[in-house]
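A quick write-up on the structure given underneath.
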C-alpha cells in the first residue's frame with residue numbers, strides 16, 4: 001500500500017524523468033539513435049531506452065496502489081502497511097532517479113570519470129538492502145481482509161505467508177548482494193532480471209497453496 005505523500009513524490013519523479021528523456025531526445029538529430037560511451041567504444045541504442053526507467057517506476061507505483069483496492073482493514077492496520085513500505089518505495093524511487101540522471105548524462109558524454117560498473121554494483125547493493133529491510137518488516141504487519149473471496153486469507157494464513165515472504169525477501173536480497181559482488185555487470189543485470197519473476201512466482205505459489213490448506217483458526 002502507498003500513502004498520498006509517497007505517491008505524490010514518486011509521480012513527480014516519473015514526470016521529471018520522462019521530461020528529461022523527452023528533452024534529451026529533442027536534442028538529437030535522430031531520436032531513435034542514442035549513443036553511449038563504453039569500455040569497448042561507443043554503443044548506439046534505440047531512443048526509447050530512455051523511457052525504460054520511468055516505466056519501471058510506474059510499475060513500482062502500480063503494485064502497492066493495486067493493493068489498496070485488493071485489501072481493506074482498520075485505519076491503523078492500513079497505516080502500518082503504508083509506513084512499512086514508505087522507505088522502500090522512496091529509496092527505490094531515488095535509486096531509479098539517479099540511474100535515469102546518469103543515463104541521460106552518459107548519453108551526452110558527461111560524467112565519463114564515474115565508473116559505470118561500480119555505480120551499477122553499488123546501486124544493486126543498495127537495492128538489495130532495501131529488499132532485506134522489506135523482508136524483515138513483512139512478518140510484523142497486521143492482518144488485512146481481501147476484498148475478493150479468491151484472495152481471502154485469515155489472520156493465521158496471512159501470518160504464515162508474510163513470514164514466508166519475509167524470509168524469501170531476505171534470501172533474495174542476500175543473493176542480490178552476492179551477485180553484485182561476484183558477477184560481471186552484464187551477467188549481473190541478466191541474473192537479477194531473470195530471477196525477479198521467479199521471486200514473485202514463488203510468493204504467488206505459496207499463497208495459492210496456503211489457501212488450499214485448512215486454517216488452524218477454522219479447525220479451532
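The values are calculated or read from the model by the stated rules, or taken from the named source; none is laboratory data. Source: prediction; values computed, not measured. Positions of Cβ are backbone-derived with ideal geometry, glycine not excepted, and every protein chain shown enters the neighbour counts.
One residue stands out among those in segment 185-197 that are under 19 Å from residue 165 (Cα atoms) and surrounded by 11 or more Cβ atoms within 10 Å (Cβ to Cβ): the one that is nearest to the chain's Cα centre (by Cα), which is 196. Could you pull out the residue among 119, 70, 87, 110 that is surrounded by fewer than 16 Cβ atoms within 10 Å (Cβ to Cβ) and without any contact (Cβ under 8 Å) to a residue 12 or more places away in the chain? Just one listed residue meets the conditions, 110. Taken over segment 143-162, the residue count meeting the criterion of being surrounded by fewer than 16 Cβ atoms within 10 Å (Cβ to Cβ) and in a loop (DSSP other than H, G, I, E, B) is 4. Does residue 57 meet the test of being free of Cβ contacts under 8 Å to residues at least 40 places away in the same chain, under 20 Å from residue 90 (Cα atoms) and surrounded by 15 or more Cβ atoms within 10 Å (Cβ to Cβ)? Taking the combined requirement at face value, the residue does not satisfy it.
Starting from residues that are over 29 Å from residue 88 (Cβ atoms) and touching a strand residue (DSSP E or B) at 6+ places or on another chain (Cβ under 9 Å), keep the ones in segment 1-35 and report whichever is surrounded by the most Cβ atoms within 10 Å (Cβ to Cβ).
Within segment 1-35, the match that is surrounded by the most Cβ atoms within 10 Å (Cβ to Cβ) is 34.
Against the test of being out of contact with any helix residue (DSSP H, G or I) (no Cβ under 8 Å at 6 or more places or on another chain), modelled with pLDDT of 90 or more and not in a loop (DSSP other than H, G, I, E, B), the options 128, 178, 165, 194 yield a single qualifying residue, 178.
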